[in-house]
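The values are calculated or read from the model by the stated rules, or taken from the named source; none is laboratory data. Just so we're clear, the structure is a prediction, and the values are computed from it rather than from any experiment. FYI the Cβ positions are ideal-geometry reconstructions off the backbone, even for glycines, and counts take in every protein chain you see. Accessible surface is based on the protein model in full, side chains and every heavy atom, while ligands, DNA and RNA are left aside. Shrake-Rupley method; radii C 1.70, N 1.55, O 1.52, S 1.80 Å.
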Amino acid sequence: MKFCITGGGTGGHLMIAEALVEAAAQEGHEAIFIGSTSGQDRKYFEEHSTFSHVYFLETTGVVNQKGLKKVKALWLVLKAFFASRKILKRHKIEAVYSVGGFSAAPASFAAISRFIPLFIHEQNAVEGRLNSLLKPFAARFISAYNEKSPITGYPVKEEFFKSARVREDVKTIIFLGGSQGAKAINDLALSVAEELKKRGIKIIHQAGEKDYERVQKKYEESGVEAEVYAFTKEMPSLMSKADLAVSRSGASTLWELCANGLPALFIPFPHAASDHQYHNARFIVQNKMGWCERESEDLREKLLSLLDKNLQSKSSALLEHSSKDVAKMMILDAYRVVHD
């Protein structure tokens, strides 16, 4: 079967695309990718990927644009729509899977116009505007946050499951500021560093490339040993060493922590579209699997209050909630829908 996987812009969307193409290849299917020249799409798939062909069309986000910029953005989407129609026809695509993000629009609308089944994965607890628009036309709409979803779960790499374990006491904390760094999380880590040292708690800290030097210098000045990274691809092994995480609540990181059984204090990015990071984290809190605090709250006091807690119930709940092979289930489901 021939799939087209489309969408991206940010790492969260693209990691789902990567999981889907790997699952498709394992099941003996071919997949192409249609993304954008904007965002991180090229960074992920231009040089090395499992896709048989990759296409990067000139598009930008539409929702946040105004005036002539919005008109130009819509014009680019229209041009990319016609280009996508030709690509889908050329490769005889039988199903299109959208992983969300602005770059999913052209190929998704092209699929509908060609009567090719469209499948959508919504990565956040709050539906994106494009996904909400396309939902009525989708053969399947998959969401890890909706119990009525045909498939519940989130595509996570196998490495996070392999190193999963039940946590009990806090011996090591990992602070996750993301690739760009989150100053609120970095400052929180620095504010508790000496207290963590007194308690014998080890620190792992991904500070982000922009804030790495400042954070590293502050640790040195305070005499606190910490394992500090600007950016790292060794996240599965680093998470496996930790007992508690302090993190943003972007969907991919949230579900990786879930798969690993690593409880977290989530501090949502306050400027995320539709406040989706807060709602992602609230899903975890409502299911009694972790904690969430706004940046405006007393983060230091909240974190210190968690250090003496037994984490076993939350860690076990995370492992029970996570699902392996979600990407494989999504591909098999799409195959059945198309061929039944």
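Things to note:
- Checked against (1) surrounded by fewer than 17 Cβ atoms within 10 Å (Cβ to Cβ); (2) at pLDDT below 95, L304 passes all but condition (2).
- Of note, E234 does not satisfy the criterion of being free of Cβ contacts under 8 Å to residues at least 60 places away in the same chain and more than 24 Å from the chain's Cα centre (by Cα).
- When G261 is tested against (1) open to solvent by less than 30 Å² (accessible area, probe 1.4 Å); (2) farther than 16 Å from N124 by Cα; (3) within 16 Å of the chain's Cα centre (by Cα); (4) not hydrophobic (A, V, I, L, M, F, W, C), exactly one condition is not met: (3).
- Neighbours by Cβ (under 7 Å, 6+ apart or cross-chain): first from the range 73-90, charged (D, E, K, R); second open to solvent by less than 20 Å² (accessible area, probe 1.4 Å): R85/A110
- Test: residue in the range 55-67 that is touching a strand residue (DSSP E or B) at 6+ places or on another chain (Cβ under 8 Å), open to solvent by 10 Å² or more (accessible area, probe 1.4 Å) and acidic (D, E): yes
- Selection from the range 274-292 of residues that are in a loop (DSSP other than H, G, I, E, B) and buried (at least 20 other Cβ atoms within 10 Å of the Cβ): M289, G290
- The strands (runs of 3 or more DSSP E) located wholly in the range 134-247 that include 3 or more residues which are of a type outside the set (A, V, I, L, M) and crowded, with 17+ Cβ neighbours inside 10 Å occupy 140-143, 202-206.
- In the range 146-199, the qualifying residues are those that are among the polar types (S, T, N, Q) and under 16 Å from the mean Cα position of the chain (by Cα), and the one that is nearest to L318 (Cα to Cα) is T152.
- Of all positions in the range 314-332, none carries a residue that is over 24 Å from the mean Cα position of the chain (by Cα), modelled with pLDDT under 95 and among the charged types (D, E, K, R).
- Within the range 118-136, residues that are farther than 22 Å from F3 by Cβ sit with their Cβ atoms under 8 Å from residues that are among the aliphatic types (A, V, I, L, M) and open to solvent by 10 Å² or more (accessible area, probe 1.4 Å), at 6+ positions apart or across chains, in these pairs: R129/V63.
- Among the residues of the range 232-284, just one is basic (K, R) and in contact with a Phe, Trp or Tyr (Cβ under 8 Å, 6 or more places away or on another chain), namely R248.
- Unique match (being open to solvent by 30 Å² or more (accessible area, probe 1.4 Å), at pLDDT below 90 and at negative phi) among Q40, Q26: Q40
- G8 being open to solvent by less than 50 Å² (accessible area, probe 1.4 Å) and either under 17 Å from the mean Cα position of the chain (by Cα) or more than 22 Å from S143 (Cβ to Cβ) (or both): yes
- E122 buried (at least 18 other Cβ atoms within 10 Å of the Cβ) and of a type in the set (D, E): yes
- Any hit, the range 18-32, residues being closer than 20 Å to L133 by Cβ and either touching a Gly at 6+ places or on another chain (Cβ under 8 Å) or of a type in the set (D, E, K, R) (or both): no
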